[in-house]
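Below: one structure, written as structure tokens.
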Amino acid sequence: PLAFFTPKNLSFINSNIHKIDRTRVAHEEKKYILNISNMEKRIKEAKTGPSRDEEMTVLDWWKAYDNYYVFESSRATSLENNPRALFFKSHFNFFVNQEDSEELYDTWRPYEAKLRQRHYGFDTEFDAATY
């Protein structure tokens, strides 16, 4: 969830990473990943910030998207070799650069989340016509 990338949540995760459950996955490179449900539960209990995307304010969203983009960008040696980062740059910029973006946050937020989730599921490229 994007909400995990708010500054306070990142700080909490970093400080408590050893307490967050892991889940075994069938993957050759990584055998364990952080358990998202457990991380959400711990963030909610700690009250460090929103534990779900639906709970984010527009300011939370802006900070989280920036941190998430930095995270995605750091996963490859160059931006050209990182289609996920390129997608998210275009995706987030679309919403940030709209006139009245802040005032209309509650209106566009569900659609933004739907498009972002669709990308995770199908790894589609950014298509401006969809937006």
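The values are calculated or read from the model by the stated rules, or taken from the named source; none is laboratory data. Only a predicted model underlies this, so the values are computations on that prediction, with no experimental measurement involved. Neighbour counts run over all protein chains shown; Cβ positions are idealised from the backbone, glycine included.
What to note about this one:
- Residue that is surrounded by the fewest Cβ atoms within 10 Å (Cβ to Cβ), among those in the range 40-95 that are of a type in the set (Val, Ile, Thr) and not in a helix (DSSP H, G or I): 77
- The conditions of being exposed (fewer than 15 other Cβ atoms within 10 Å of the Cβ) and either at pLDDT below 95 or in contact with a Cys (Cβ under 8 Å, 6 or more places away or on another chain) (or both) are met by residue 30.
- Residue match in the range 2-17 (condition: part of a loop (DSSP other than H, G, I, E, B), at pLDDT 95 or above and in contact with a helix residue (DSSP H, G or I) (Cβ under 6 Å, 6 or more places away or on another chain)): yes
- Residue within the range 19-27 that is closer than 25 Å to residue 110 by Cα and either more than 14 Å from the chain's Cα centre (by Cα) or in the same structural domain as residue 105 (by TED's automatic domain parsing) (or both) present: no
- Just so you know, in the range 36-54 the residues that are within 19 Å of residue 117 (Cβ to Cβ) and of a type outside the set (A, V, I, L, M, F, W, C) include one that is nearest to the chain's Cα centre (by Cα), and it is 53.
- Output for the range 9-45, where each listed residue is under 22 Å from residue 55 (Cβ atoms) and of a type in the set (Phe, Trp, Tyr): 12
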